[in-house]
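Before any comments, here is the structure.
The values are calculated or read from the model by the stated rules, or taken from the named source; none is laboratory data. Note that the structure is predicted; figures quoted are calculated from it, not measured. Ideal geometry is used to build each Cβ from the backbone, glycine not excepted, and the neighbour counts take in all protein chains shown.
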Amino acid sequence: MSASEIRMVCASHSPLQLGFLDAADADSQRRFFEAITAARDWLREFDPQLFVIFGPDHFNGFFLDLMPSFCVGIAAESMRDWDIEQKPLKVDAAAARGCIAALHAAGIDAAVSHRMRADHGITIALLQLSGSLDAAALLPVFINCAADPRPGFRRVRLMGEAVGRYLAGLDKRIVVVGSGGLSHDPPTPRLATAPPEVVKRLIDRHDPDVGELHRRQDRVVRHAKELAEGRGPCQPPNEPWDRRFLERLLVRDIESFDAYTDAMIDREAGFGGHEVRTWVAAAAAMTAATAGVADIATRLDYYHVIPEWLTGMAVVRASVR
């Protein structure tokens, strides 16, 4: 396929952006949604045949009874967290099987799921960039960003490169998406400090009822309001850290992320900052898919810290020049 048939979007996600808590800075919120709309329109003009979304999970679909570093979904359904509709997703099973084979041939032992449960780590990006949960063919790639031990950044890069080399041979118009990050420290439970009943939830696979989902959502909203007021347990987003990460991404210095460690991210970017692995994988895939064909133009459409969303919010696009 020609390199011009690959495009990339990386975007921060926060479930609070779905109408649960408006930003005090209305202009920054408006400009974020304008950047997302511009990216969606840009992709609609491209008319993609496949969305490849690298996304995390928040102990909704993947649990500590068996936590893979990477998992490719051959079939998947959306989760009903944050009032997102629960329904089957339009997974391209043939592309997913081919991706698994390519990863294993490259020495990346990714897991496979015939019943992937995709939470907002994947579905927000799908909704924002395609318009609905089932508008586009999907290849979902889960990256463990929440549970120790996580895959190292070098391994994430190598995985993304292997996916990109596979995509280059599909003869399709493809969008590669990194969904997650940037710096944020949400009240996601930690195994080492959680009470016994929460530890059980982190390990046991289960479907929460509506009451439990609403209690979790209310807890996140409460902590976000506290952060916006300059108090509470959540670490605030770190704009200088985000800017340094984005500078490297924009010049495609992907190998420099190999040096990132979990301890550094915990300290500087917060627990949710581990999700930048999805951006690294997407950028590595985009670079590998177009290697030797053409140069890539990468642009930052938006960056701003939105405390009410707990997150450093950014939108990055890339395409062949």
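Figures for the structure shown
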quantity	calculated
Any chance Gly181 is buried (at least 16 other Cβ atoms within 10 Å of the Cβ), in contact (Cβ under 8 Å) with a residue 12 or more places away in the chain, in contact with a Cys (Cβ under 9 Å, 6 or more places away or on another chain) and small (Gly, Ala, Ser)	yes
Pairs, first within 16 Å of Asp81 (Cβ to Cβ) in the range 192-217, second loosely packed, with under 11 Cβ neighbours inside 10 Å, C-beta under 7 Å, six or more apart	Arg205/Asp65
Subset of the range 167-194 (residues that are within 26 Å of Cys234 (Cα to Cα) and either of a type in the set (Val, Ile, Thr) or outside any loop (DSSP other than H, G, I, E, B) (or both))	Gly178, Ser179, His184, Thr188, Thr193
Residue count, the range 32-61 (criterion: in a loop (DSSP other than H, G, I, E, B) and either at pLDDT 95 or above or not hydrophobic (A, V, I, L, M, F, W, C) (or both))	8
Residues of the range 51-99 satisfying the condition of being within 24 Å of Phe271 (Cβ to Cβ), among the hydrophobic types (A, V, I, L, M, F, W, C) and touching a helix residue (DSSP H, G or I) at 6+ places or on another chain (Cβ under 9 Å)	Ile53, Phe54, Phe59, Phe63, Leu64, Phe70, Met79, Trp82, Ile84
Among the candidates Pro151, Pro196, Pro236, Pro140, residue that is under 19 Å from the mean Cα position of the chain (by Cα) and over 21 Å from Ser78 (Cα atoms)	Pro151
Total residues in the range 62-88, condition part of a loop (DSSP other than H, G, I, E, B) and polar (S, T, N, Q)	2
Near pairs, Cβ below 7 angstrom, 6+ apart or cross-chain, from the range 231-253 (among the basic types (Lys, Arg)) to any residue that is assigned to a helix (DSSP H, G or I)	Arg248/Ser256; Arg248/Phe257; Arg252/Ala283; Arg252/Thr287
Matching residues in the range 195-235 - criterion: being part of a loop (DSSP other than H, G, I, E, B) and either within 23 Å of Ala24 (Cα to Cα) or at pLDDT 85 or above (or both)	Pro195, Asp204, Glu229, Gly230, Arg231, Gly232, Pro233, Cys234, Gln235
All positions within the range 299-321 that are surrounded by fewer than 18 Cβ atoms within 10 Å (Cβ to Cβ) and either aromatic (Phe, Trp, Tyr) or not in a loop (DSSP other than H, G, I, E, B) (or both)	Arg299, Leu300, Val320
Odd one out for Ala24, checked against (1) farther than 24 Å from Leu158 by Cα; (2) assigned to a loop (DSSP other than H, G, I, E, B); (3) out of contact with any helix residue (DSSP H, G or I) (no Cβ under 9 Å at 6 or more places or on another chain)	(3)
Selection within the range 276-305 - among the β-branched types (Val, Ile, Thr) and more than 14 Å from Ala11 (Cα to Cα)	Thr287, Thr290, Val293, Ile296
Test: residue in the range 159-166 that is among the aromatic types (Phe, Trp, Tyr), over 19 Å from Gly272 (Cβ atoms) and either in a helix (DSSP H, G or I) or in contact (Cβ under 8 Å) with a residue 24 or more places away in the chain (or both)	yes
Number of positions in the range 184-204 that are hydroxyl-bearing (Ser, Thr, Tyr) and loosely packed, with under 11 Cβ neighbours inside 10 Å	1
Output for the range 276-298, where each listed residue is in a strand (DSSP E or B) and over 27 Å from Arg30 (Cα atoms)	Ile296
Selection status of Ala228, within 19 Å of Pro187 (Cα to Cα), in contact (Cβ under 8 Å) with a residue 24 or more places away in the chain, among the hydrophobic types (A, V, I, L, M, F, W, C) and crowded, with 23+ Cβ neighbours inside 10 Å	no
Residue within the range 28-43 that is surrounded by fewer than 21 Cβ atoms within 10 Å (Cβ to Cβ), of a type in the set (Phe, Trp, Tyr) and under 18 Å from the mean Cα position of the chain (by Cα) present	yes
